[in-house]
Amino acid sequence: MSANETSPPPAPPRDALQSQLLPRARLTARDRDALWALLDRYYEQVTRAQFDADLDKKTHVILLRSRRTGELKGFSTLVGRQMETAGRRWWMVFSGDTVIDRAYWGQQALQRRFTRYMLTQRLLHPTQPVYWLLISKGYKTYLLMTRNFLEHWPRHDRPTPPWERAATDHAAAHLFGDAYDPAAGLLRFTGGQRLREGVAPPEDYRGDAPDGRFFLTRNPHHARGDELVCLAPVSLSFLLNFTLRTLRKALCLRPRR
């Protein structure tokens, strides 16, 4: 037999995601139905009415679609807001619901689009600091922050600085009221939405870095819907770090000659 006859056929190319940043007001009824269907597949204890009410508070949505079929495979909601903490004005970017179809975990389309959005916010607010406020009920979301932002809080290797702690407390109380527990740095909702059983369970985390273990320690009841409130500055170091990580991944994926 020839080499071609004995070699296995090449694997089909993996379907890639393409991203789109859209003002929330431009979502169609069909878009909203697709967003809800995806959220409902991965989360429980949330109704369609609750989802719609929360979505209406957001300003933008990142849509992730299959490049091959155009079908919705993920999304993240965003809102920007002016804040002032301890006499210091700052611009807050808050991430709400973020869901990606499990078959597409590991792709970078969301990170690239989110970085472009953050760069835009940095340019639109040149005279004040810009911070990302993230709430995380799963360790994968927390790792998304720790692996892309050199500075972030809370973190395993040092305490949160006083102003950043105050800014986190202020923003969380402003957005969520009594659901925020400042002593623990957690949001605790009675009957709040949570990941369905089997989605990113703790045993999936292989302990290759201390960040995941830190998250599980700080938010031991994440499975019932508790969310860790996090803060990260949108700085030059973040942009450089993301650029270098993207280049390294591209070089690793480049075929050897």
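Among the residues making up the range 115-163, a single one is in contact with a His (Cβ under 8 Å, 6 or more places away or on another chain) and over 19 Å from VAL99 (Cβ atoms): THR146. Apart from one condition, GLY138 fits all of (1) out of contact with any helix residue (DSSP H, G or I) (no Cβ under 7 Å at 6 or more places or on another chain); (2) crowded, with 20+ Cβ neighbours inside 10 Å; the exception is (1). When the criteria are applied in full, PHE114 meets the requirement of being outside any strand (DSSP E or B), surrounded by 13 or more Cβ atoms within 10 Å (Cβ to Cβ) and of a type in the set (Phe, Trp, Tyr).
Determine if the range 154-162 includes at least one residue that is part of a helix (DSSP H, G or I), of a type in the set (Lys, Arg) and over 14 Å from the mean Cα position of the chain (by Cα). Don't jump to the end; show me each part of the working.
In the first step, residues of the range 154-162 are kept if they are part of a helix (DSSP H, G or I); the result is 162.
Okay, now just the ones that are also of a type in the set (Lys, Arg), so none.
Scanning the range 154-162, I find no residue that is part of a helix (DSSP H, G or I), of a type in the set (Lys, Arg) and over 14 Å from the mean Cα position of the chain (by Cα), so the answer is no.
For THR120, the conditions (1) surrounded by fewer than 16 Cβ atoms within 10 Å (Cβ to Cβ); (2) in contact (Cβ under 8 Å) with a residue 24 or more places away in the chain are fulfilled apart from (2). If only residues of the range 162-190 that are farther than 23 Å from GLY80 by Cβ, out of contact with any helix residue (DSSP H, G or I) (no Cβ under 7 Å at 6 or more places or on another chain) and not aliphatic (A, V, I, L, M) are counted, the one that is modelled with the lowest pLDDT is THR190.
Which of the residues belonging to the range 119-143 are assigned to a helix (DSSP H, G or I) and either more than 19 Å from GLY74 (Cα to Cα) or of a type in the set (Lys, Arg) (or both)? Of everything in the range 119-143, those that are assigned to a helix (DSSP H, G or I) and either more than 19 Å from GLY74 (Cα to Cα) or of a type in the set (Lys, Arg) (or both) turn out to be LEU119, THR120, GLN121, ARG122, LEU123, LEU124, LYS140. The residue list SER95, SER76 contains one member that is under 27 Å from PRO233 (Cα atoms) and either part of a helix (DSSP H, G or I) or modelled with pLDDT of 90 or more (or both), which is SER76. When the range 36-59 is limited to residues that are assigned to a helix (DSSP H, G or I) and of a type in the set (Lys, Arg), the one that is farthest from ALA103 (Cα to Cα) turns out to be ARG48.
Scanning the range 47-78 for residues that are in contact with a helix residue (DSSP H, G or I) (Cβ under 9 Å, 6 or more places away or on another chain), β-branched (Val, Ile, Thr) and either surrounded by fewer than 19 Cβ atoms within 10 Å (Cβ to Cβ) or over 26 Å from THR190 (Cβ atoms) (or both) turns up THR59, VAL61, ILE62. Considering the range 163-185, the residues that are in a loop (DSSP other than H, G, I, E, B) and out of contact with any strand residue (DSSP E or B) (no Cβ under 8 Å at 6 or more places or on another chain) include one that is surrounded by the fewest Cβ atoms within 10 Å (Cβ to Cβ), namely ALA183.
Restricting to the range 84-95, name every residue that is buried (at least 17 other Cβ atoms within 10 Å of the Cβ) and either in contact with a Cys (Cβ under 8 Å, 6 or more places away or on another chain) or of a type outside the set (S, T, N, Q) (or both).
Start the filter on the range 84-95 by keeping residues that are buried (at least 17 other Cβ atoms within 10 Å of the Cβ), which leaves 85, 90-95.
If the condition is that a residue be buried (at least 17 other Cβ atoms within 10 Å of the Cβ) and either in contact with a Cys (Cβ under 8 Å, 6 or more places away or on another chain) or of a type outside the set (S, T, N, Q) (or both), then TRP90, TRP91, MET92, VAL93, PHE94 are the ones that fit.
The values are calculated or read from the model by the stated rules, or taken from the named source; none is laboratory data. These numbers were taken from a predicted model, which means no experiment stands behind them. Reconstructed Cβ throughout: ideal geometry from the backbone, glycine too, with neighbour counts over all protein chains shown.
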